[in-house]
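The values are calculated or read from the model by the stated rules, or taken from the named source; none is laboratory data. Since the structure is predicted, the reported quantities are computational estimates derived from the model, not experimental observations. No Cβ is skipped: glycine too gets one built from the backbone with ideal geometry, and neighbour counts run over all protein chains shown. Please note that ligands, DNA and RNA were not included when accessible areas were found on the heavy atoms of the full protein model with its side chains. Shrake-Rupley method; radii C 1.70, N 1.55, O 1.52, S 1.80 Å.
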Amino acid sequence: MAGRGIVIGGGIVGLSIAIGLASSNMEVIVLDGSDADNRASYGNAGLIWVQSKGADHLPYALWSRRSASMWPEFSERLLEQTGIDVEYERRGGLSLCLDETELAARRAMVDQVAAQLGTQNDVEFVDAAFVRDRLPGVSPHVLGASWCPADGHVNPLMLMGALKKRCDALGVTIRRNSRVEAVRMEGSHLTVMGADFRMRGERVVVAAGLATEKLAATAGMTVPLKPVRGQIVVTERMKRVIDYPTPTIRQARCGSVIFGNSHEEDVTATGTTLPVMASHAQRAMAEFPFLASARVLRSWGAIRVMPVDGKPIYARSIDCPGAYAVACHSGITLTAVHANIIGPAIAADCLPRAVATLSPERFDAVAHH
Ligand SMILES: Cc1cc2nc3c(=O)[nH]c(=O)nc-3n(C[C@H](O)[C@H](O)[C@H](O)COP(=O)(O)OP(=O)(O)OC[C@H]3O[C@@H](n4cnc5c(N)ncnc54)[C@H](O)[C@@H]3O)c2cc1C
């Protein structure tokens, strides 16, 4: 064994990294909170979405694409290893434009991404005929879309189940109701403290969702986050017609259409509100008129783990050697790089160069500006 790795937080980020640590021969313990906690991993839209990612920051654009490119093999291996099909699909994604204002904004986004990615660009603007060809049920009012063949989607609940099963097979211990209060050095020992327990490890990874900011601070790391609520609506099962997801609509393999995905800044209450749900429904029907007759089965609100600048944060503690923190908004998209790259890198006590500009130092630069 290469020593003990303690992961704080059993959401998608914590479990992905736990798999990476355990695959690198560490003894891994995940300390998770309680069912009363905010858990974005159980309330998200399930998109593996890259087209708009890092439009203003090349390393983030490349990091998202690297994860998306690992997803086909990652999901196949999860199926072999766990027997769980996470319903991963990658046919490409379309971000639809319904009026001239949206069209202009989308063209600007496509140009910005193209300028960032240069020869590696994978996003283009496509016309209404291209969209109609792929989305037969789409509104005749759609004027065009941005298109990226790397976009896809997954069933996030099946994914959580598969990651837990993989953790079990790798010997990872997941301890529920084990709220951590601080990460400190006790002499030369990296120590995790709870109200009634303390534990030592060679590595500690804080991946506790929105609680990461406070916990990371106890080990001297700056991880500024903000809560952003998203509301999501799910319809009854319908004949499969939406083969290509948009940023706000996807059709699951079972036929349910999942739509919505609001961004409500600084809202910490889960739950739904009628005005937001109504605007989701209006947009969904404007894009796909056949949804007007769909019955809604359920809806929910969940809180995003949003870094203040929207980009993932990968922190390495100076005060507590061996301690790290990871927080990101797109935890589903980034699952593959977290399991395949971040976990093994932390086991080797480093972070990969690919995420160098995603460290918290960027916030110091802003503060000193
Ligand atoms: C509405 C919505 C839509 C989204 N859509 C997408 C999408 O389409 N694609 C995508 O890639 N991402 C999406 N996301 C983002 C994605 O869900 C998150 O990035 C991801 O779930 C974050 O996972 P996490 O493990 O960091 O946090 P969480 O899932 O919040 O898990 C944190 C865990 O830490 C535990 N914890 C908290 N405090 C402590 C403590 N003190 N001690 C021990 N454990 C603790 C909690 O119990 C919890 O289990 C969406 C999010 C939302 C809300």
*Looking at segment 78-107, which of the residues that are more than 23 Å from Thr246 (Cβ to Cβ) and of a type in the set (D, E, K, R) is least open to solvent (accessible area, probe 1.4 Å)?*
Asp85
*Based on what the data block shows, is Asn44 within 16 Å of the ligand (Cβ to nearest atom), at pLDDT below 95 and either surrounded by 17 or more Cβ atoms within 10 Å (Cβ to Cβ) or in a helix (DSSP H, G or I) (or both)?*
no
*Can you spot a residue in segment 313-327 that is open to solvent by 10 Å² or more (accessible area, probe 1.4 Å) and either assigned to a helix (DSSP H, G or I) or within 15 Å of the ligand (Cβ to nearest atom) (or both)?*
no
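Mind listing just one residue for me: the one in segment 212-260 that is assigned to a helix (DSSP H, G or I) and in contact (Cβ under 8 Å) with a residue 60 or more places away in the chain and, of those, surrounded by the most Cβ atoms within 10 Å (Cβ to Cβ)? So that I can check it myself, show each step before the final result.
Start the filter on segment 212-260 by keeping residues that are assigned to a helix (DSSP H, G or I), which leaves 212-218.
Cutting the leftovers down to in contact (Cβ under 8 Å) with a residue 60 or more places away in the chain gives us 212-213, 215-216.
Working: Thr212: 27, Glu213: 22, Leu215: 24, Ala216: 29.
Restricting to residues being assigned to a helix (DSSP H, G or I) and in contact (Cβ under 8 Å) with a residue 60 or more places away in the chain, the top hit is Ala216.
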_So Arg77, is it charged (D, E, K, R), more than 16 Å from the ligand (Cβ to nearest atom), assigned to a helix (DSSP H, G or I) and in contact with a strand residue (DSSP E or B) (Cβ under 7 Å, 6 or more places away or on another chain)_ = no
*Could you grab the pairs with beta carbons closer than 6 Å, sequence gap of 6+ or different chains, first residue in segment 132-148 and assigned to a strand (DSSP E or B), second one open to solvent by 10 Å² or more (accessible area, probe 1.4 Å) and not aliphatic (A, V, I, L, M)?*
Gly144/Asp127; Ala145/Ser95; Ser146/Ser95; Ser146/Arg106; Ser146/Phe125; Trp147/Glu124; Cys148/Asp122
_Members of segment 184-196 that are within 11 Å of the ligand (Cβ to nearest atom), at pLDDT 95 or above and surrounded by fewer than 19 Cβ atoms within 10 Å (Cβ to Cβ)_ = Met193, Gly194
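Listed here are the residues, each with its yes/no results for (1) more than 8 Å from the ligand (Cβ to nearest atom); (2) open to solvent by less than 10 Å² (accessible area, probe 1.4 Å); (3) assigned by TED's automatic domain parsing to the domain that holds Asn121; (4) of a type outside the set (Phe, Trp, Tyr).
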residue: Ile8; (1), (2), (3), (4): no, yes, no, yes
residue: Val13; (1), (2), (3), (4): no, no, no, yes
residue: Ala18; (1), (2), (3), (4): yes, yes, no, yes
residue: Leu21; (1), (2), (3), (4): yes, yes, no, yes
residue: Asn25; (1), (2), (3), (4): yes, no, no, yes
residue: Val28; (1), (2), (3), (4): yes, yes, no, yes
residue: Ser34; (1), (2), (3), (4): no, no, no, yes
residue: Leu58; (1), (2), (3), (4): yes, no, no, yes
